[in-house]
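Read through the structure below, which is laid out as C-alpha cells, and then see the notes.
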Amino acid sequence: MHTLSISQLADGLRARKFSARELTQHYLDRIAAHDPALNSYVTVTAEQALQQAAAADAALAAGNAGALSGIPLAQKDIFCTAGVRTACGSKMLDNFIAPYNATIVDKLQAEAPQGAGMVMLGKTNMDEFAMGSSNETSFYGPVKNPWDLQRVPGGSSGGSVAAVAAGLAPVATATDTGGSIRLPASLTILTGFKPTYGRVSRYGMIAFASSLDQAGVVARSAADAAYVLQAMSGFDPRDSTSVDRPVDDYGAALDAPIKGLKIGLPKEYFAEGLDAGARSCIEAAIKQLVALGASVHEVSLPSSPLSVPTYYVVAPAEASSNLARFDGVRYGHRAEGAKTLEELYKRSRGEGFGAEVQRRIMIGTYVLSHGYYDAYYLKAQKVRRLIYEDFKRAFESVDLVLGPTATGTAFKLGAKTDDPVAMYLNDIYTIAANLAGIPAMSLPCGFVDGLPVGMQLMGNFFDEARMLNVAHQYQQATDFHKQSPQGFK
Amino acid sequence: MANDSIHNSEWEAVIGLEVHCQLMTHSKIFSGAAIQYGAEPNTQACAIDLALPGVLPVLNEDAVKKAVTFGLSVDAHIAARCVFARKHYFYPDLPKGYQISQYELPIVYLGHLDIELEDGRTKTIGITRAHLEEDAGKSLHENFSNATGIDLNRAGTPLIEIVSEPDIRSASEAVAYLKKLHQLVVYLGVCDGNMQEGSFRCDANVSVRKVGAPKFGTRTETKNVNSFRYVEKAIEYEITRQIEVIEGGGAIRQETRLFDPSTGETRAMRSKEDANDYRYFPDPDLLPVICTQDYIEAIRASLPELPEAKKLRFEKDFGLSPYDAKTLTSSRELATYYEAVVKDSGADPKLCANWVSTDLLAVLNKSGKDISDSPISAAALAGLLQRIVDKTISGKIAKEVFEAMVAGEGNADDIIKAKGLVQITDESAIVKAIEDVMAKSPEQVAGYRSGKDKLFGFFVGQVMKATQGKANPDAVNRLLKEKLLG
C-alpha cells in the first residue's frame, strides 16, 4: 500500500480494497519498524490517527467523504496541533501543547466538507525553529537520509522528506523559508513545492522569518503534491498576509501538454559551484523537457549572487524578533531557580535555544540595532527588491525558470556542522524565490553515485498550476520519482 | 523648593506632551478579545494576546477609523499609507517581546490644537503625530510575596499616542492643552477619557533654557502622570528642579523620571544610557494600512460638531456669554442636555443656561454625578421651566420645586400641585396682603413715605412671606408702589 500514489489510495479506499484504518495501521507499523533508523518522527499519534481513520471510513461508507478522506499524512512539527505537542525541534517547546490547530491542520484534517479528512500519523522532526539545512540542529537529534543512513536528508524539513521517501507517510507538510522544502526534497528524490508567499495561511505555523516563511508539501510526485497543496491553499482571514484570491484547480491542470512552454535558464545558476554530476542530470532533464515541446532560453538574474547575504540579514532579523516571545514567562522552557527577571530571561533562553538559533538571534539583533539598521536591514530590503525585479523581468520573456536545487547530493552527517557559512551556502539556489515571494519546487532528475539529484522550477506569482503541470508531464516521461531507497521498499 | 522660581526669572520652560489614549473599540487592536475594564485577570486575553507560537495579528478596522477621526478633528494629515512597526523590549507584561506600534510612518501627522490661556489669549499647540499601537499588560506587584502577577487583559488594547510639538511653555499651558485634548477625544467618542482607569495617560517632556536661547536644553521625560493636577505638579517640580540644578552649576541628564504623587516630586528612573535599543522594523505580519481619500472623506462627513464650533453656535444662536457657552459645551452630553431643555421648555435660552449651568451643575457636583446620570432629565427640567414661562410659579418658587425634584418627589407639576405652590395672580388677594402688612408696620410706611426708598424691599419681603412666596412678583411690585404712594 505504501507504494501507491495519492489518487490510487483514494481509489482503493472508495473501492473498499482497504479501509482507512487498515491503511493507517499499515503506516503505523512501518513507522514502528523503520523509524528508529531514521528518526523522522518526533511524535507518533497512533491512537488519534486510528480515530481519524475510523471517522474517514464512516464518511466513505456514508458517501460524504472528500477526495482525500482517510489518506494519511505527516505534519511537520512546526504546525500547531491542538492537544498534540508542537516542539518545533526545540528544547524551548519540548513541553508545549497548543490549544489550537494551525489553519492548514484544520484544512487538511477536519472531516469533509469542512476539511480534507486526512489522517495525521504524527509530527516530523525538523531543524530547530526551521533554522538549518541538514536537520542536524534539532533538539531531537539528526534525521538520517533513507538513501544513505550516514548522510543528512537536508533541512529544515528533514523529518518530512525522510518519512515520505522511506514510505512512512504517503505525503507530508513542510515549510520553506530559504529552501527548507526544496533542498531536502532534492536530497531524497521527492517532489517538494513551496507556493507563492500568501497562498497558504501561516496561522498556527511557528514563525521563523515571517516575510519568507511559506508552508507547502513534500510528496512522491507532482500529482500527489498537487492534490494536497490544493487542500492546503486559500485565503485565511486570520493571516493578514494571505492573499484573497481563488485557488486554481491544480489537479485539472496536470494533464495539459506543455508544447510551446518557454523555459528560462539563468546563467548565474549554472556557473561555478554546481557539482558536475548534478549538472549533467539537469542538462538531461532540460533535453527531456525540450522533447516534450518546451523551448529553452538563457535569462539573467544578475542580483542572484546577493541572495545568500541578503537572506542572512533579513531572516535572522525577523527571527530575532519572532523568537522574543520565548521568554520562559508564559509557556515553554523556564530556567529553574532564577533570582532576577534578567536571569530568568538569560537562562531560560540560553538553555532553551540551541547554538544555531542563538547565532541567528544574535545576528538578527545586531542588524536591527541602532546605527546598523540602515547599513544592514534597510540595504538588504533594497537588494531584495532588486532580486524581485530580476524575476519580474525574466517572466516577461519566459514562463518558468529552471535550475539546480542544490549544489550537489546529500552530504555526510557532521560534514558541515562546524562551518556555518558552508552550511548556509547549501541554500544558494533556493533562497531567491523566498526573497522574491514566487512559487518554486524541486523535482527529481537523476542520481549521482546512487544519491538523488533534484532540479528546481521557479514560476511567476500564483503560477502553481502551470509548474505542477510541467513537473507532472516530465514525470510521465521519466521514472526517477518512482525510485525508493533500499531497505525501505 | 519654590514652585514659582520660573516667574520673574530669565528662564523659560519648553514642554512637549505624549498622551496615550485608549480607543473605545469593542475588541482589541489585533485580536477579537474584549477590552472591558476591571475583568478578572487574564480572562480577556486570547491566544494572540498571550503571544502563543504561530498566532498572527489582524488589524481592527475600527481602531483605524477612530485614529482617523481624531486626526481630522485636529486638522492633521492622514497618511495615505502607514506602517506598523515592532518595538522590542523584554518585560513580562509584553508577551511578544515587542509592542506593535508605528514608527516612521504614523497614521496621523502634523495637526494642531488651540488652547485658551489664562489671560484669554489663544495659543496654537502643534501636534507632531498620533500613531496607533497596542497597550501592554499589567504587572501586579501587590498581593504577591516574592512574585509578580501578570494580567494580560490590557495587552492589545488599542491606543493612539498623541505627541505634541514642544510648544508648551508652562505647567498651566500643559494642563490647558491636556484638558482640551481630553474634552476632544471624549467628544469624538474615540476615548472614554477615564483617567483613573488609565484610558488617558500623559508623559511630559520638560526642559528649561534661558529666554531667547537658540537651542533647547536637555530634557527629561516624566512618565505616566495620570491626573491634570499631577501633570501640573510634576511639571512645576521638574522646571524648578532643572533650574536649580543648572544654577547650581550642574547639568541636566537626559533621563526618564517618575512622578510620586505622595511627595509631589519626580525621581530618576533610568538614564538614556540604560535605555532600550528598541530595534524598530516594519512588522512583516501586517500589511501597510491604506487610507483612501474616499475613506477619509466619509469619516470627515460623520464627525460630530466639535466643542469649539458648538460653543460659537451657542453664543450666536442662544445669545449666551462666552463663559456660559464654554461651560455648557464642556461635554457633548451636557450640551445635548442643554439643547433639549431649550427646545422642550420654549423658555429664554439664557434662563435655561442659568438653570443648567448653575442649579443643575451645582447638584451634580455636590453628588459627584455626571450629566448622564443626572437625577433630573432634560425633559423634567424643561417641564419646570415651562411653569415659569406660563407664570404658574415664580422663579423663586421654581427653586423650591427644583429641590423637591432633586429629592425625587416627582415632576414639576405634581410637586406644584401637592404643595399648593401655584402663583397668586388674583390682585385682590395681593392687595389684601399688602394692606395687612402696611397696617402692621406703620413706622416703616412712614419711613418709606419720608424718602427711605430702601424700605421698599422690606415690604416686598413681608408680602411674599405672607403669601408663602406664591404672589406674582411683578404684581406685588406694582401694587405695593401704588399703595405706598397712597
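What follows draws every value from the coordinates through simple rules; no lab data is involved. Owing to the predicted nature of the structure, the values given are computational and were not obtained by experimental measurement. Heads up, the Cβs are rebuilt from the backbone with ideal geometry, glycines too, and the neighbour counts pull from every protein chain shown.
Footprinting exposure proxy ranking of B:332, B:449, fewest other C-beta atoms within 10 angstrom first, gives B:449, B:332.
Across the range B:116-158, how large is the tail of the calculated P(r) beyond 12 Å, expressed as a percent of all Cα pairs? Display every interim value, and only then the final one.
On the way: 664 of 903 pairs.
In whole percent, the share of Cα-Cα pairs in the range B:116-158 beyond 12 Å is 74.
Near residue A:142: Cβ cut-off under 14 Å, other residues only, Lys/Arg at +1 and Asp/Glu at -1. The net charge is -2. Using a cutoff of 8 angstrom between alpha carbon atoms and counting only pairs six or more residues apart, the relative contact order for the range B:427-485 works out to 46 percent.
What percentage of all Cα-Cα pairs in the range B:12-298 are separated by more than 28 Å? Write out the running numbers ahead of the final one.
Numbers: 16093 of 41041 pairs.
Beyond 28 Å sits 39 percent of the P(r) for the range B:12-298.
Under a Cβ-Cβ cut-off of 14 Å, what is the net charge of the residues other than residue A:193 that fall near it, where Lys and Arg count +1 and Asp and Glu count -1? Don't jump to the answer; show the numbers that get you there.
Working: positive: A:76, A:182, A:194, A:199, A:220, A:466; negative: A:176, A:224, A:248, A:463, A:464.
Once all neighbours under 14 Å are counted, the net charge is +1.
Per-residue Karplus couplings for the range B:290-302, computed as 6.51 cos²θ - 1.76 cosθ + 1.60 with θ equal to phi - 60°, are listed in order as 9, 10, 7, 4, 5, 4, 5, 5, 5, 5, 4, 5, 9 Hz, Gly and Pro entered as x.
Under Stokes-Einstein, with the Kirkwood radius over Cα pairs standing in for Rh, what whole-number D in µm²/s applies to the range B:115-247 at 25 °C and 0.890 mPa s?
The Stokes-Einstein estimate is 145 µm²/s.
With K and R counted +1 and D and E -1, the other residues having a Cβ less than 14 Å from that of residue B:197 yield a net charge of 0. For the range B:378-389, the Karplus equation 6.51 cos²θ - 1.76 cosθ + 1.60, evaluated at θ = phi - 60°, returns couplings of 4, 5, 5, 5, 4, x, 5, 5, 4, 6, 6, 4 Hz by residue, with Gly and Pro reported as x. Between residue B:154 and B:138, the built amide H atoms are under 5 Å apart, and every one of these is 5 or more places off in sequence or on another chain.
Its Cα gyration tensor gives the range B:427-485 an equivalent ellipsoid. The semi-axes, each the square root of 5 times an eigenvalue, are 18, 11, 10 Å from largest down. Of all DSSP-defined beta bridges confined to the protein assembly as shown, some 85% are antiparallel rather than parallel.
Could you tell me the relative contact order of the range B:305-419? Use alpha-carbon pairs under 8 Å, at least six residues apart, and round to a whole percent.
Values: 99 pairs, mean separation 23.4, N = 115.
Relative contact order for the range B:305-419 comes out at 20 percent.
The three principal axes of the C-alpha atoms in the range B:361-486 carry coordinate ranges of 56, 27, 20 Å, sorted with the longest axis first.
Can you give the Kirkwood hydrodynamic radius of the range A:158-226 from its Cα pairs, in Å with one decimal?
By the Kirkwood definition, the hydrodynamic radius is 11.9 Å.
Considering the range B:191-328 at the alpha-carbon level, its Rg and Dmax are found to be 21.6, 58 Å.
Considering every pair of different Cα atoms, what Kirkwood radius, in Å, is found for the range A:414-476? Before the final figure, lay out each step's value.
On the way: mean 1/r = 0.0735 Å⁻¹.
Evaluated over the range A:414-476, this radius sits at 13.6 Å.
If you take the beta carbon distance between residue A:291 and residue A:271 as r and set R0 to 30 Å, what does 1/(1 + (r/R0)^6) give as a FRET efficiency, to the nearest 0.05?
Working: r = 26 Å, r/R0 = 0.86.
Working from the Cβ atoms, E equals 0.70.
Placing unit charges on the Cβ atoms of the charged side chains and taking the dipole of the protein assembly as shown about its Cα centre, the candidate lying farthest along the positive direction among B:287, B:275, A:467 is A:467. Ellipsoid semi-axes for the range A:325-468, based on the Cα gyration tensor and the rule √(5λ), read 37, 23, 15 Å when sorted largest first. Under 5 Å from the amide H of residue A:171 lie the amide H atoms of A:74, each residue being 5 or more positions distant or on a separate chain, with H modelled from the backbone and absent for Pro and chain starts. Amide H contacts of residue B:257: B:221, B:222, B:223, B:269, each under 5 Å away and 5 or more positions distant or on a separate chain (H built 1.01 Å from N in the peptide plane; Pro and chain starts excluded).
Phi-derived couplings, Karplus 6.51 cos²θ - 1.76 cosθ + 1.60 at θ = phi - 60°, listed residue by residue for the range B:246-260: 5, 5, x, x, x, 10, 7, 8, 6, 7, 9, 10, 10, 8, 10 Hz, with x used for Gly and Pro.
Each residue in A:326, A:411, B:458 was given a count of other beta-carbon atoms within 10 angstrom of its own, and listing them fewest first yields B:458, A:411, A:326.
Over chain B, the ratio between the Cα radius of gyration and 2.2 N^0.38 Å evaluates to 1.30.
Take the Cα radius of gyration of the protein assembly as shown and divide it by 2.2 N^0.38 Å, N being the number of residues; the result is 1.28.
Here is the tail figure for the range A:242-289: Cα pairs spaced more than 18 Å apart come to 55 percent of all pairs. Per-residue shielding of A:322-335, expressed as the average number of other chain Cβ atoms within 10 Å of the residue Cβ, stands at 5. Mean projection of the Cα convex hull over all viewing directions, computed for chain A: 21.5 nm². Along each principal axis, taking the top coordinate minus the bottom one, the Cα set of the range A:1-110 gives 46, 31, 21 Å in descending order.
Calculate the translational D of the range B:1-155 in whole µm² s⁻¹ from Stokes-Einstein, where the hydrodynamic radius comes from the Kirkwood formula applied to all Cα pairs, the temperature is 4 °C and the viscosity 1.567 mPa s. My calculation gives 71 µm²/s for D. The lysines whose alpha-carbon is closer than 20 Å to the alpha-carbon of residue B:310, local same-chain residues fewer than 8 away aside, are B:123, B:179, B:180, B:326, B:343, B:350.
When the convex hull of the C-alpha atoms of the range B:354-422 is computed, what volume per residue in Å³ does it have?
Normalising the Cα hull of the range B:354-422 by residue number yields 75 Å³.
For the segment A:88-97, counting C-beta atoms of other chains within 10 Å of every residue's C-beta and taking the mean gives 1. Computed over the alpha carbons of the range A:236-367, Rg followed by Dmax gives 23.7, 70 Å.
Scaling against 2.2 N^0.38 Å puts the C-alpha radius of gyration of the range A:152-268 at 1.10. The convex hull around the C-alpha trace of the range B:305-419, projected and averaged over every direction, spans 6.6 square nanometres. Just list whichever of B:96/B:272; A:107/A:346; A:144/A:287; A:379/B:28 have alpha carbons separated by over 27 Å in the model shown. Cα-Cα > 27 Å for A:107/A:346; A:144/A:287; A:379/B:28; rest within.
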